[in-house]
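Working notes for the structure below.
The values are calculated or read from the model by the stated rules, or taken from the named source; none is laboratory data. Everything quoted here is computed from the prediction, not taken from an experiment. Glycine also receives a Cβ, built like all others from the backbone with ideal geometry; neighbour counts cover every protein chain displayed.
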Amino acid sequence: MEDHNVGPLLRELPRERAREGFTARVVASLDSQPPRQTPKVWRQPRLVFAAAALAAVVASAGILQVHSGRQEEIRAAEARKVLQELRSEHESLKQELRSLSEPPVVYLGGDEEVDLVVDLSRAQNANF
Amino acid sequence: MDAMIMSDAVVQASPGSPDVDAGLMDRVRSGDRDAFADLVDHHKDAVVNYLTRLTGNRDRAEDLAQETFLRLFRSAGSYTEQGLLRAYLFRIATNLVRSEERRERRLKLLLPFLGGWHPAGHSEPTAPSGLLRRELHREVSSAVAQLPLRYRVPLVLHEIEGWTYADIARELGCREGTVKSRIHRGRLHLKERLAPYWNGGTAWKTTT
């Protein structure tokens, strides 16, 4: 038998047809099958990946925004603290300077009723 | 003559109108069972015939054809019109046959332990009946069904369904040269198996 004789032999085979009632049996068997599931988003790998990437970007942006806001608040608080310290120090220095600018009063002694002091500011002007 | 037979086979094998199938599949996706029934009506004979040639067993082919259409319905939501619906059905059918034969091969390994179990499959040639042509058809069908699947599928698609080498290559995801090679090897296998019948040999077996 030649090789090419196989082809006609195969094509001579009678074409089979579905038996009567085939379609009805197939449709009827749909009821016994599990319900057809519509493709869920999470079954689409590309969609899942895209959603995850987007979420990551949004989350990163949110974290950065929060982080930078806190940093500014911290810096502002520190600045206010430093300013307060400077003002306090300025006041104390002013008082000290004021006190230094006034002539001193020297305490010489005294008792319960009288205190003997020398007001040097007056002493400066005195002629001894 | 051969060319006429081939062209007839091609015409017979021509799938349904893609537009009609696409419209019906749209409706099937939304659960329209009438549309699904129409699709089944349109393609059932082709699928049953294809599976009968692949399996060599008419009853098994009908069961597998039913499963093929059920799988089409279940996968309708993810089906995209990338080609002809009939090709998609044939692909499902081929995969079903492949899966079943793998199962049978595994079960055969257990055969010594099962004792008396015989896998459903190809019929043994019986004593010659009065209608030799019908007997020859049975032998040819059985011989085809016993080919390795990688030769059987392209051979059936080309010789029986009338597909071109290009169509088969595209469907199987291989080169045309590979398709031609497999078809040639399939023919050689058939030649060997059917030679006794052509040479008037005594390959008939009697049932006991």
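Tabulated values for the structure
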item: When residues of segment B:149-177 are limited to those that are of a type in the set (Ser, Thr, Tyr) and touching a helix residue (DSSP H, G or I) at 6+ places or on another chain (Cβ under 7 Å), the one farthest from the other protein chains (Cβ to nearest Cβ); result: B:Tyr165
item: Identity of the residue in segment B:131-161, without any contact (Cβ under 8 Å) to a residue 12 or more places away in the chain and among the basic types (Lys, Arg), that ends up surrounded by the most Cβ atoms within 10 Å (Cβ to Cβ); result: B:Arg134
item: Counted residues, segment B:168-185 - those being crowded, with 18+ Cβ neighbours inside 10 Å and either among the small types (Gly, Ala, Ser) or more than 13 Å from B:Val156 (Cα to Cα) (or both); result: 2
item: Single unsatisfied condition, B:Ala61 versus (1) more than 10 Å from chain A (Cβ to nearest Cβ); (2) surrounded by 16 or more Cβ atoms within 10 Å (Cβ to Cβ); (3) at pLDDT 85 or above; result: (1)
item: Test: residue in segment B:3-23 that is closer than 30 Å to B:Ser142 by Cβ, modelled with pLDDT under 95 and in contact with a Pro (Cβ under 8 Å, 6 or more places away or on another chain); result: yes
item: Residue among B:Val40, B:Val28 that alone is surrounded by 15 or more Cβ atoms within 10 Å (Cβ to Cβ), in a helix (DSSP H, G or I), over 24 Å from the mean Cα position of the chain (by Cα) and at the interface with chain A (Cβ under 10 Å from one of its Cβ atoms); result: B:Val28
item: Criterion: at pLDDT 75 or above and within 14 Å of another protein chain (Cβ to nearest Cβ) - qualifying residue of A:Val26, A:Val118, A:Val114; result: A:Val26
item: Filtered residues of segment B:64-86 (kept if touching a residue at least 60 places away in the same chain (Cβ under 8 Å) and surrounded by 17 or more Cβ atoms within 10 Å (Cβ to Cβ)); result: B:Leu84, B:Leu85, B:Arg86
